1. What accessible area, in Å² to the nearest ten, does a 1.4 Å probe give for ARG221?
2. Setting aside same-chain residues fewer than 8 positions from LYS133, which lysines have a Cα under 21 Å from its Cα?
3. Quote the Stokes-Einstein diffusion coefficient, in whole µm² s⁻¹, for region 215-287, based on the Kirkwood radius over alpha carbon pairs, a temperature of 25 °C and a viscosity of 0.890 mPa s.
4. Would you compute, for the Cα atoms of region 86-191, the largest minus smallest coordinate along each principal axis and list the three values in descending order, in whole Å?
5. For LYS298, which lysines qualify as cross-link partners when the Cα separation must be under 23 Å and same-chain residues fewer than eight apart are set aside?
6. If packing is taken as the mean number of other Cβ atoms within 10 Å per residue, what is the order of 209-219, 176-186, highest first?
7. Given the alpha-carbon gyration tensor of region 169-283, what are the semi-axes of its equivalent ellipsoid in whole angstrom, ordered largest first, with each equal to the square root of 5 times an eigenvalue?
8. Normalised by the number of residues in region 167-230, what is the relative contact order in percent for Cα pairs under 8 Å and 6+ residues apart?
Amino acid sequence: MSSNSVPNFKPSTNGFKFTNSFPHEPDVMVNVPPLGNVTIGDAHNGLCGGMVFTVRDLFECNVPVPASASTPADGSPLFNFIVGRLFDSFNLPGGVTKYYDWMTTPDHDTGIWPIIRRGVVWHTLMEEWPKIKADIDSGHPSPLGLVTVFDLNPGDLGNNHQVLAYAYDVDANNTLTLHLYDPNTGASDGCQLSMSLSNPSHSTPIANNVNIGFPIRGFFRVDYSAHDASVLAPPPPTPPTLLTLAVNCTPYPVQENVLQTITVHAKNASTAVAVAGSVVINGATVGQTNQPFAHTFKGTGTRRRLPNTGSGRPGPGDIGTYIVYPKGQVVAPGYSSKAIDFGLKDHWE
């Protein structure tokens, strides 16, 4: 048995929480030679290709999917992004032509050697499955086009579907199982399809629980090119507005080289309500606000130090350059830190 999966990808985490069900939006008419004008793009009929491409875009860009289980509103950034990626997923005109070609091809091989027309199953297993496996083995989810109907009517193109394969298993009986993100199913880790790899020239049933309403005749890897999904990243959270403290200490001024009991008072600057916080001096917590604690302010380390200009006083260019020792501040949750004035006199060095 062989198996592999895309690391860290799961529909329950990386798939949209909403399903592929949108209100009617205007159709878009596209000329697809040789089919002529083909109507595509009614959101009510599904944006599966756009959702599949967008989910891979978000995963590749490491952008989380929106948490909402509601479909995005028409005109919203996410809706517009999905619609844009829907048309990318059609790979016009060749992508639509490929769907139609497979729709008009029998499941099994036809003809006799040396003129044999390969069937949908052969193309699925011999051409497309190796590409899908290569995507997953290289760590990338693989978009799949699921072909459902067998007829000549281009109007039935909308009965096909797109999903995203992110893991595979091949068991001892040579049965392939692909694990899928299905936009119609939503953020479920249980969606999959399976088929035998043993008889590519013959009709082979594809068991599945994809929410599509049609049997799956075959599937192919949809050509994908990356699109920058960082525009869908949620904005950074607004930092909380910090309140302001009013701080003073008693006694004031403090003494030097003496173990003394001091109290740093902290209040809300607007309401004058006492605020509990920590008293930090020179990077170390030495006490709590509004509670007495013992501390010794030692020597010149407690003074305001200025460069010595030779006169015992700072020169004109030194004004405003001094550093205050000790560095005391109050730190309290929800408040900006506030420096403490201990009343120590200037000392010019």
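The values are calculated or read from the model by the stated rules, or taken from the named source; none is laboratory data. All values reported here derive from a predicted model rather than from experimental measurement. Cβ sites come from the backbone with ideal geometry, for glycine too, and all protein chains shown count toward neighbours. Remember, those area values only see protein heavy atoms, side chains included, never the ligands or the DNA or RNA. Shrake-Rupley method; radii C 1.70, N 1.55, O 1.52, S 1.80 Å.
1. Counting only protein heavy atoms, the figure is 50 Å².
2. Those lysines meeting the cut-off are LYS10, LYS98.
3. 131 µm²/s
4. 40, 36, 22
5. Candidates past the 8-residue exclusion: LYS327, LYS338, LYS345.
6. Working: 209-219: 18.4, 176-186: 23.4.
Packing proxy ranking, top to bottom: 176-186, 209-219.
7. 73, 18, 14
8. 23 percent
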